[in-house]
Amino acid sequence: MNPLIEQANDALQILASQVCQNFYPNFHLAPPAGWMNDPNGLIFFNGQYHAFYQHHPYDENWGPMHWGHATSPDMLCWQHQPIALAPGESWDKDGCFSGCAVDDHGVLSLIYTGHVWLKDEGDDSAIREVQCLATSQDGIHFTKQGVVLTPPEGIMHFRDPKVWFEDDYWWMVVGARDARDHGEVLLYRGISLQEWQFMHVLARADDDMGYMWECPDFFPLGDERILMFSPQGLAAKGYLNRNLFQSGVLRGKWQPGGDFTPSQPFTELDHGHDFYAPQSLLTADGRRVIIGWMDMWQSPMPTKADNWCGCLTLPRELSLDTQGQLLMQPIREVETLRQSNQSRLPATRVQDKHLLVENCRSMEVQLTWNTVASQAEKYGLRLGDSHGTGGQVSVYVDNQANRLILARYYPQHGLTGYRSVALAESGLLSLRVFIDSSSIEVFINDGLACMSSRIYPTEHERYLSLFAENGQAELLRGEYWHLVTR
């Protein structure tokens, strides 16, 4: 084994023995210890799913990026594997940044960004970024093959390659920042993973679409082509773009060798506090699934005190409905996490508070509200203490604003505020909510919208209740399951 990887694995094992489990997830992928950010190299290969991720194994802070690695039969129950990549070569000495994985005639191949600071560490004004290749014969241990692509003239920020095979060629999209500080996605074509030709700029930001486009992904969905990316530098506009950085899609048309023609403006994928750098994969049966990093840069991260930081979202299947609207729903495999005892709520009118569970750590909740018949000013679901006075997270309808709100209040951690989406006019609101030890994910109206946020309840703040304020709310249907725990 590479001595740098061996050293990193040894450090990770020591740090993992010091991890506090209080906020550690039950059914989301998190590092054994240390730091995690972007998912990388999501792939189904040789009968199992692989997830790689940006990882610093030496402590809980962002540092020289390694690639963590886990495998799973179902994208939910993950087994940690040895670290796949460690920085140390001249081309990646300061970090093995984000990238992807492909199956190259039976060889699991990682394409990643080698990062070098040319001035001080963390000084983005002078860096060198190149695309690199590493390969594996067993799917676990990887050998670096060196640099396969350098940036075009005048481009310094050049990272996060995503590669696929189509029309007898390999194709690659790379995120970039041009000389005018506009984000863009560059398109390459290859006859092998080591020989690439620049085709053209696939998409470029205008003046208000950000200075850098990170983590691009480009894939077919129905008869459309989806460009998914994470723009940095978008200004907040009302309820939109409320986080430091965003992630979303451009939808349009593309054929190999041609231009990408967007048909709709940029749309955020997730409206919660914590969602970034999603990457897609094709499942064994052909579904297009994405997984994102469920944190946000420059946000307080309380689990650092527990010697770990960062987790990934539930895997989510993308689809288009009959009206052409983009849907994002949890993969059907999540139903296997349900414990056998299902609890049902009869159709009822909720007033004040209705306790569901006293110790909510790992749950799925499904609720259907009649928004026309519900007259309460606010109504929904709340996780907090028994008195409603401490830290809490709430998912509720604001009847006056006609919006669904996800509000969290953990002032001891510096985490307060809300995110929201507009309510549909149909009169029905269906919610599918997943609560883990330190996260909540809300899927709205069968995947038309989604909100994901990290939460940090104390032992006494895990009472899960329905509530209605200043009036009644009509619940048409409710059910919930405790989910498997570690």
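The values are calculated or read from the model by the stated rules, or taken from the named source; none is laboratory data. Computed from a prediction, not measured in an experiment: that's the story for all the values here. Neighbour counts are summed over all protein chains in view; Cβ atoms, including those assigned to glycine, are modelled from backbone coordinates with ideal geometry. Surface areas here come from the heavy atoms of the whole protein model, side chains and all, with no ligands, DNA or RNA. Shrake-Rupley method; radii C 1.70, N 1.55, O 1.52, S 1.80 Å.
Using protein chains only and a probe of 1.4 angstrom, how many square angstrom of Arg128 are accessible, to the nearest 10?
Solvent-accessible area, nearest 10 Å²: 110 Å².
Tell me whether region 3-330 comes out rounded, prolate or oblate; compute the Cα gyration tensor, take square roots of the eigenvalues as a ≥ b ≥ c, and use a/c under 1.5 as the rounded threshold.
rounded
Report the paramagnetic label zone for Ser319: residues of region 66-97 whose backbone N is under 20 Å from a point 7 Å from Cα along the Cα-to-Cβ axis.
Residues 74-76 qualify, since their backbone N sits under 20 Å from the label point.
If I fit a long axis through the Cα atoms of helix 3-16 and take the longest principal axis of the Cα atoms of the chain, what angle between them do I get, 0 to 90°, rounded to 10?
The angle comes out near 20 degrees.
Take Ser386 and Asp352, extend 7 Å from each Cα along the Cα→Cβ direction, and tell me the distance between the two endpoints in nm.
For the pair Ser386/Asp352, the computed spacing is 1.5 nm.
Between Trp297 and Asp168, what is the spin-label point distance in nm, taking each point 7 Å from the Cα along the Cα→C-beta axis?
Result for the modelled spin labels: 4.1 nm.
Assign one of three labels to region 340-483, namely rounded, prolate or oblate, based on the Cα gyration tensor with a ≥ b ≥ c the square roots of its eigenvalues; rounded applies when a/c is under 1.5, prolate when it is not and a/b is larger than b/c, and oblate otherwise.
rounded
Kindly state, to the nearest 0.05, the FRET efficiency for Leu282 paired with Leu118, given R0 = 41 Å and r defined as their beta-carbon distance.
0.65
Where does the charge balance sit around Arg287 when Lys and Arg score +1, Asp and Glu -1, over other residues with C-beta under 14 Å from its C-beta?
Summing Lys/Arg as +1 and Asp/Glu as -1 gives -1.
Which residues in region 305-336 place their backbone N less than 12 Å from a point set 7 Å from the Cα of Asp59 along the Cα-to-Cβ direction?
Only 305, 307 pass the distance filter.
At 1.4 Å probe size, with no ligands or nucleic acids counted, give the accessible surface of Tyr49 in Å², nearest ten.
Tyr49 has an accessible surface of roughly 10 Å² with all protein chains in place.
For Glu459 paired with Ser17, estimate the spin-label separation in nm (one decimal), with each label point 7 Å from Cα along the Cα-to-Cβ line.
2.6
Provide the FRET efficiency to the nearest 0.05 for the Gln375-Cys77 pair, computing r from the beta carbons and using R0 = 45 Å.
E(calc), rounded to 0.05, equals 0.55.
Test of understanding: what is the full-extension gain from Gln7 to Gln400, defined as 0.36 nm times their sequence separation minus their Cα-Cα distance?
135.8 nm
Could you tally the net charge around Cys309, taking each other residue with its Cβ under 14 Å from the Cβ of Cys309, Lys/Arg +1 and Asp/Glu -1?
Combined, the nearby Lys, Arg, Asp and Glu give -4.
For Glu469 and Asp223, what is the calculated FRET efficiency with R₀ set at 56 Å and r taken between the beta-carbons, to the nearest 0.05?
For R0 = 56 Å, the calculated efficiency reads 0.80.
What is the gain in length, in nm to one decimal, between Asp259 and Ser343 on full extension, counting 0.36 nm per residue of separation less the C-alpha to C-alpha distance?
That works out to 25.1 nm of additional length.
Would you work out the charge dipole size for the chain about its Cα centre, treating the Cβ of every Lys and Arg as +1 and the Cβ of every Asp and Glu as -1, and quote it to the nearest 20 debye?
Computed about the Cα centre, the dipole is about 1080 debye.
Measure out, as a whole number of angstrom, how far apart the alpha-carbon centroids of region 191-208 and region 338-416 sit.
What the calculation gives is 45 Å, centre to centre.
Could you pull the accessible area for Leu202 with a 1.4 Å probe, rounded to 10 Å²?
Spelled out: Leu202, probe radius 1.4 Å, area about 10 Å².
What percent do you get for the relative contact order of region 340-483 when only Cα pairs under 8 Å and 6+ apart count?
Relative contact order, region 340-483: 45 percent.
I need the shape label for region 147-205. Rule: rounded when a/c is under 1.5, else prolate if a/b > b/c, else oblate, with a, b, c from the alpha carbon gyration tensor.
Note, shape of region 147-205 comes out prolate.
Given a 1.4 Å probe and heavy atoms of the protein chains only, how would you sort Phe219, Phe198, Phe245, Phe44, largest accessible area at the top?
Correct descending sequence by accessible area is Phe198, Phe44, Phe245, Phe219.
Where a Cα-Cα gap under 20 Å defines reach, which lysines qualify for Lys119, not counting those fewer than 8 residues away within the same chain?
Straight-distance partners of Lys119: Lys93.
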